[in-house]
Amino acid sequence: MTNKGFTLAEILVVMAIVAIVGLIMVVIFTNTLRGSNKSQILSIMKQNGQAVLDSIDRVIRNSDGVACPVSGSSDTIVIVKNGTYSRYRVVSANSTPGSAPAVCIGTGKNGCIILDNPTPSPSEITPQLFFNRICGSIDPMSSAQILTDTNSLTGVSIDSGLFTVSKPSGFKAVVTVNFTLGPGVDVPQIVRNQIGSVINRTTIELR
């Protein structure tokens, strides 16, 4: 009578083959998932950056002028339109507490780009006192509108950013907006290393 069972060696070979195939499938699945996450995160970064850039471009281009900086670069810019001031600020996670909404600043936070409409206080009896306050990068903007996605996993982090103003003789001001976005701070480092940063830049000539 023939023995139709499997020998120990045959069982071990089959188990080894199954383990190898399983490992290959896990690697393929992980790489596919990682690639999908990378594409999704990169798309979010580009969309968020372009939306902020378009908004800033539209407001600055149609303004009457730049209140500050008069020239040079700053993380804060103030423009005026029909007597109303609009202030943009690029905020990193390690910026001064109170200079932006709390959701933007501190350990595990993304930073943000924010907008508000400052008005003079009763004690600011001259325009210069008003400008001295609102043009500084530490003046409170704790209730400002947040323009970037601050979610630490699905949002975007602020790597850097500046507003640069120049005013050629006889012409209106020219503003260069430049900021760099990265993945949310809680995105796994291996994915962050594959994505890098997205640079957003435009030059605006006031009308």
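A short reminder: the numbers here are calculations on the coordinates, not readings from a lab. Everything numeric in this text was worked out from a predicted model, so none of it was measured. Cβ atoms come from the backbone with ideal geometry, glycine included; neighbour counts cover every protein chain shown.
Checking the a/c ratio against 1.5 first, then a/b against b/c, what shape does the Cα gyration tensor give for region 151-202? It would help to have the intermediate numbers written out before the result.
Details: a/c = 5.48, a/b = 3.60, b/c = 1.52.
Prolate, since a/c reaches 1.5 and a/b exceeds b/c.
What FRET efficiency do you get for Lys46 and Ser143 if R0 is 30 Å and r is their Cβ-Cβ distance, rounded to the nearest 0.05? Display every interim value, and only then the final one.
Details: r = 29 Å, r/R0 = 0.95.
So the FRET efficiency works out to roughly 0.55.
For semi-axes √(5λ) of the Cα gyration tensor in Å, which listed value, [x] 55, 17, 11; [y] 30, 19, 16; [z] 26, 19, 16, comes from the coordinates shown?
[x]
Return the percentage of antiparallel bridges among DSSP beta bridges fully within region 115-207, rounded to the nearest 5 %. Working shown, then result.
Details: 19 of 19 bridges.
Expressed as a percentage, antiparallel bridges in region 115-207 total about 100.
Suppose every Lys and Arg Cβ carries +1 and every Asp and Glu Cβ carries -1, with no other charges. What dipole size does region 96-207 come out with about its Cα centre, to the nearest 20 debye? Before the final figure, lay out the partial values.
Details: 7 positive and 7 negative charges, 59 e Å.
It comes to approximately 280 debye.
Of Thr148, Thr107, Thr119, how do they rank once you tally other Cβ atoms within 10 Å and put the fewest first?
Working: Thr148 24, Thr107 7, Thr119 10.
By the 10 Å Cβ count, ascending: Thr107, Thr119, Thr148.
Please give, to one decimal in nm, the separation of the simple spin-label points placed at Arg207 and Ser73, each 7 Å out from Cα toward the Cβ.
Using points 7 Å along Cα→Cβ, the separation is 2.9 nm.
Relative contact order, percent, of the chain when contacts are C-alpha pairs under 8 Å separated by at least 6 residues?
Taking the mean separation of contacting Cα pairs over the length of the chain, I get 22 percent.
Measure nothing fancy, just the Cα-based angle from helix 8-61's long axis to the longest principal axis of the chain, in degrees from 0 to 90, nearest 10.
10 degrees
Of Cys68, Cys104, Cys112, how do they rank once you tally other Cβ atoms within 10 Å and put the fewest first? Write down the numbers at each step before the final one.
Working: Cys68 20, Cys104 25, Cys112 28.
Ascending Cβ contact count within 10 Å gives the list Cys68, Cys104, Cys112.
Please work out whether region 99-206 counts as rounded, prolate or oblate from its C-alpha gyration tensor, where a ≥ b ≥ c are the square roots of the eigenvalues and a/c under 1.5 means rounded, while otherwise a/b larger than b/c means prolate and anything else oblate? It would help to have the intermediate numbers written out before the result.
Working: a/c = 3.51, a/b = 1.49, b/c = 2.36.
Oblate, since a/c reaches 1.5 and b/c is not below a/b.
Cut-off under 24 Å on the C-alpha distance; same-chain residues fewer than 8 positions from Lys81 excluded. Which lysines are left, in chain and number order?
The reachable lysines, counting only those whose Cα sits under 24 Å from Lys81, are Lys167, Lys172.
Neighbour counts of other C-beta atoms within 10 Å: give me Arg89, Arg61 arranged from fewest to most. All intermediate terms of the calculation are to be shown ahead of the outcome.
Values: Arg89 24, Arg61 14.
Lowest to highest Cβ neighbour count: Arg61, Arg89.
Taking 7 Å along the Cα-to-C-beta vector as the label spot, tell me the Asp57-Asn37 distance in nanometres, rounded to one decimal.
Here the modelled spin labels are 3.2 nm apart.
Among Ser143, Ser197, Ser86, which one moves the most in a GNM of the chain with springs linking Cα atoms closer than 10 Å?
Ser143
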